[in-house]
Amino acid sequence: MALTAGIVGLPNVGKSTLFNAITKAGVEAANYPFATIDPNVGVVEVPDERLQKLTELVKPKKTVPTTFEFTDIAGIVKGASRGEGLGNKFLSHIRQVDAICQVVRCFEDENITHVAGKVDPIADIETINLELVLADLESVDKRIARVAKIAKTKDKDAVAELAVLEKIKPVLEDGQLARTIEFTDEELPIVKGLFLLTTKPMLYIANISEDDVAEGGHNQYVQLVEEYAAKEDAEVVVICARVEEEVAELEEEEKQVFLEEMGIETSGLDILIQKAYHLLGLATYFTAGEQEVRAWTFRRGMKAPQCAGIIHSDFERGFIRAETVAYADLLEFGSMGAAKENGKVRQEGKEYIVQDGDVMLFRFNV
C-alpha cells in the first residue's frame, strides 16, 4: 500500500525532532519497529496488540507487522505559495502525500526562537493553511481558464468540472479549506482528480514540553489547537517530540520503564502512527498459520479479491473464496477449528467487503 502521511510545520516547532524519533528508532537494530529508506521517508510499523495476541495463539515461526510511510516535508514559511523560502519544494512534496500531519508548537522555550517572535499555535496553523489555500486557488484559477473554453462546446465532462471548480473557488477566496465543502457522490471523483492540497485529510500534532508531559500533557496552547481542530472535524495528537526521540533509542523493556517513570501509558509516537493510519483510510486484516502470522494493510471498502491481491496478484486473479473469522471470535474460541465448530468461520465470496480485524485464508486457482 503506497500511501504516505506527510509531516509539515513552521521552523522550530519540533517537526525535525519528531521525524528524528521516527527514523532513529530504526537505526541500531532490525527488530526495532521502524526503518528509514531514505533521508526524507520513515517506514513505521503499525502498533497492533491483536498481532501479538494472534502470535500467542498460533505460535508461528515468525510474525510480520504491517507498515506505512511518513514523509518529512520541507519546512514552510509565510509566502511559500509565492515561492518564498523552500515554498516550491514544500508544495511539490505535499502534493505527493495522501494525508497531512501538521506539527504545531505548544511550548515555551526562550532558547528556541519562534519564527514569528512569539508562541501562537493558531497563527502558525493559519499560516500553513493559508499557504495551502493560496496554492490551491492558483491551481483552480488556471484550471477554470482551460476548462471554461471546453465547457462552451457543451462538453459534458468539462461542464461538470467547471461547476465543481466554481463551487470550490469562492471557498478558497474566503481563506477556507476545500475539504470543508460538502460534495455530492458525482462531484467527488472530479474533486479527487484536481489533486488539491486542501482536500487532503489533516491531523494536528500538538508538540508540548517535557515539563508539560509531567503535568498531564495538557496546556492552554493544546486547548486552543483542540478547539480549532474541532471546527474542521480534525483530530489532535498531543506529543512531546523530544521525549519521543529519547524513547526511540531504547530497548523495549527500557522503553516501558521510561514511559512509566514519565507517567505515560502509551508512547505518543504509537498513538500518532495509529491515528495517521486511520486518517489514510487504512485498516488491517490478518493471515495466521504455523509458518507465519502477518498483518496486511488494505483500504477500507476493499473487497475480498482485492485484499487477496495485496498478498499476490495470482490470489486476486484466481480468487475462489475467503475463509474468514473475526479476530474477536478467533480469540474467544482459541483456534480456527473451534471457531468453525461454533459457526464463526464464514465462506465469503467476491463481493465481500473486508472488515478491520478479519483473519482470512484465501482459496484460489490459476
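The values are calculated or read from the model by the stated rules, or taken from the named source; none is laboratory data. Keep in mind it's a predicted model, so treat the numbers as computed, not measured. Using ideal geometry, Cβ is built from the backbone for each residue, glycine included, and neighbour counts are taken over all protein chains shown. Accessible surface is based on the protein model in full, side chains and every heavy atom, while ligands, DNA and RNA are left aside. Shrake-Rupley method; radii C 1.70, N 1.55, O 1.52, S 1.80 Å.
Points worth noting:
- Check: the chain dipole with +1 on Lys, Arg Cβ and -1 on Asp, Glu Cβ, in debye: 2240
- Charge dipole (region 127-194, unit charges on Cβ, about Cα centre) - positive-most of ILE144, ILE128, VAL171: ILE144
- Inverse mean reciprocal Cα-Cα distance (Kirkwood Rh) of region 136-184, Å: 11.1
- Sequence ranges 228-237, 5-14, ranked by mean other-Cβ count within 10 angstrom, highest first: 5-14, 228-237
- For region 148-306: accessible area per residue (Å², 1.4 Å): 54
- If R0 is taken as 22 Å, the Cβ-Cβ distance between LEU188 and ARG146 corresponds to a FRET efficiency of 0.55.
- Enclosing the Cα atoms of region 177-232 in their convex hull gives a volume equal to 91 cubic angstrom per residue.
- Short-range pairs are left out: with C-alpha atoms under 8 Å and at least six residues apart, the relative contact order of the chain is 19 percent.
- Among 261-271, 353-363, the peptide with the highest mean count of other Cβ atoms within 10 Å heads the list, and the full ranking is 353-363, 261-271.
- Kirkwood hydrodynamic radius over Cα pairs of region 301-364, then Stokes diffusion coefficient at 25 °C and 0.890 mPa s, in µm²/s: 208
- Protein heavy-atom surface of the chain, 1.4 angstrom probe: 48% of the accessible area is carbon and sulfur, with nucleic acids and ligands not counted.
- Net charge of Cβ neighbours under 14 Å - reference MET302; Lys, Arg +1; Asp, Glu -1: -1
- Using Cβ point charges alone (K and R +1, D and E -1), the dipole size of region 301-364 about the Cα centre works out to roughly 220 debye.
- Taking 20 °C and 1.002 mPa s as conditions, region 191-264 diffuses translationally at an estimated 149 µm²/s according to Stokes-Einstein applied to its Kirkwood radius (Cα pairs).
- Accessible surface of ARG321 - all protein chains present, 1.4 Å probe, nearest 10 Å²: 90
- Given their separation in residues at 0.36 nm each and the Cα-Cα distance between them, GLU110 and VAL366 gain 85.6 nm when the chain is fully extended.
- Probe 1.4 Å - accessible area at THR153, Å² to nearest ten: 100
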